[in-house]
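Notes follow once the structure below has been shown.
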Amino acid sequence: MQGVTLTVSELNDYVRRSLASDPILHNITISGEISNFKAYTSGHWYFTLKDDLSRIDCAMFRQHNYNVQFLPRDGMKVLVKGSAGLYVQSGKYQFYAESMQQSGLGELYQRYMELKDKLTREGLFDAARKRPLPLLPRKVGIVTSASGAVLHDIRTVAGRRFPGLELVLRPAQVQGEGSAQDIARGVMEVSAVPGVDVVIVGRGGGSMEDLWSFNEEVVVRAVAACPVPVISAVGHETDHTLCDLAADMRAPTPSAAAELAVPEREALINEVDGMVFDLRRAAENAVLVRQNSLSAMEKRLTQRDPRNVLKQMLLHCGHLSDKLQMEMQRQLTMRESRLDSLIGKIDAVGPAKVLRRGYTIAMKKNTPVTSVEAATGDMTLLFSDGRASVRVMSTERGKMFGSQEETDV
């Protein structure tokens with residue numbers, strides 16, 4: 001019997017139709033543990049479902065996963081309902097899921113949660129323990145596979161952002177038996193290299209089993225105890241490990257880790273130039289303020305210069321002296337005028353005018369004689385044009401003018 005010749009497409013299509021026509025492979029429910037789960041921006045989910053002996057690739061399109069009430073994660077045990085089929089373009093046999101529900105936690109996920117709870121209680125994941133990354137590290141330590149894409153991505157980004165910055169690689173086994181211990185030793189060894197100010201630890205994406213080394217307690221404690229800040233770059237953005245929680249910073253990709261650890265040289269130069277400009281402007285403003293203050297102080301000092309003060313005082317004294325002279329002259333003139341007035345009044349009633357009217361003043365021993373009783377013995381008579389010495393021969397008591405009332409001898 002001669003065999004049939006088919007193209008690859010024809011064979012794949014025949015197998016697809018054969019699977020599609022088998023009722024046993026439709027509307028069936030399978031149980032297993034999720035691994036290598038990926039949610040794409042299109043809304044479709046792709047993952048592997050496995051048990052102890054085997055595994056199958058699964059796809060769950062957006063119109064079906066819309067009704068799932070939880071976000072699947074690696075390690076979850078689920079019940080998935082759907083049908084088996086063949087993807088013709090790749091000839092890949094897979095399961096097309098239409099519904100999903102949780103059936104329990106997988107062994108790895110259970111271990112993950114138990115260790116996470118334990119280390120959380122110890123405070124290894126506390127935000128207060130997180131340290132800031134250095135602005136400009138002298139050297140960047142790297143713990144990853146020497147042959148993986150992670151190292152290439154970090155070197156590419158670092159070389160672009162800051163050419164010449166030294167990267168120190170500590171090659172490490174990132175998967176398989178003994179890998180966790182090697183990663184932990186690598187973190188401690190590279191952090192001890194003089195000049196290393198930050199460490200990047202990581203690997204590329206993979207299933208929960210592939211990334212499990214970064215969930216081991218020895219790695220988590222080594223990252224937490226590292227003397228310099230650690231950036232964890234394990235897996236893809238949707239992958240989460242305990243190493244991420246213990247690190248000072250988590251990066252979604254190795255390239256992002258390099259961007260976090262390595263500053264952009266041009267940006268730093270521009271920032272320094274800006275700071276120098278601001279500093280110079282601040283210094284100039286400070287000098288200007290000081291100059292204005294100094295000018296004001298000089299003006300005040302000039303105003304308070306003893307020579308100027310003395311000059312002002314002398315001017316003021318001169319002004320006061322002038323005012324005093326004027327006031328004295330005014331007072332003197334006023335007093336002279338008053339004195340003249342008084343002299344006039346005195347002169348009007350004084351003895352000189354009285355004597356000129358024909359009267360005399362009797363004096364005895366330089367004392368005016370105002371009573372007839374005192375008119376005895378030798379006396380002096382004052383006239384307007386001289387004086388005369390007389391002796392009283394007799395006196396008469398009574399009125400000066402009129403009849404004689406009493407005569408004393």
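Things worth noting here:
- Residues satisfying the stated conditions in the stretch 31-72, i.e. part of a loop (DSSP other than H, G, I, E, B) and hydrophobic (A, V, I, L, M, F, W, C): LEU53, PHE61, VAL68, PHE70, LEU71
- Just one of the listed residues (SER191, SER103, SER147, SER99) is surrounded by 16 or more Cβ atoms within 10 Å (Cβ to Cβ) and hydroxyl-bearing (Ser, Thr, Tyr), namely SER191.
- Within the stretch 234-257, the residues that satisfy the criterion of being out of contact with any strand residue (DSSP E or B) (no Cβ under 6 Å at 6 or more places or on another chain) and either on the phi < 0 side of the Ramachandran plot or outside any loop (DSSP other than H, G, I, E, B) (or both) are HIS236, GLU237, THR238, ASP239, HIS240, LEU242, LEU245, ALA246, PRO252, THR253, SER255, ALA256.
- Per-region count, the stretch 100-112, residues closer than 14 Å to GLY32 by Cα and either modelled with pLDDT of 85 or more or of a type in the set (Val, Ile, Thr) (or both): 2
- Of all residues in the stretch 45-80 being in contact with a strand residue (DSSP E or B) (Cβ under 7 Å, 6 or more places away or on another chain) and free of Cβ contacts under 8 Å to residues at least 24 places away in the same chain, the one that is surrounded by the most Cβ atoms within 10 Å (Cβ to Cβ): LYS50
- Test: residue in the stretch 81-94 that is surrounded by fewer than 16 Cβ atoms within 10 Å (Cβ to Cβ), modelled with pLDDT under 90, of a type in the set (S, T, N, Q) and closer than 28 Å to MET113 by Cβ: no
- Output for the stretch 195-209, where each listed residue is in contact (Cβ under 8 Å) with a residue 40 or more places away in the chain and either in a loop (DSSP other than H, G, I, E, B) or over 15 Å from MET249 (Cβ atoms) (or both): GLY195, VAL196, ARG203, GLY204, GLY206, SER207, MET208, GLU209
- Comparison of VAL309, VAL219, VAL276 shows that the only residue that is in a helix (DSSP H, G or I), of a type in the set (Val, Ile, Thr) and exposed (fewer than 11 other Cβ atoms within 10 Å of the Cβ) is VAL276.
- Restricting the stretch 339-395 to residues that are polar (S, T, N, Q) and assigned to a loop (DSSP other than H, G, I, E, B), the residue that is modelled with the lowest pLDDT: SER384
The values are calculated or read from the model by the stated rules, or taken from the named source; none is laboratory data. All figures in this text were calculated on a predicted structure; none of them were measured in a lab. As a convention, Cβ positions derive from the backbone with ideal geometry for all residues, glycine included, and neighbour counts pool all protein chains shown.
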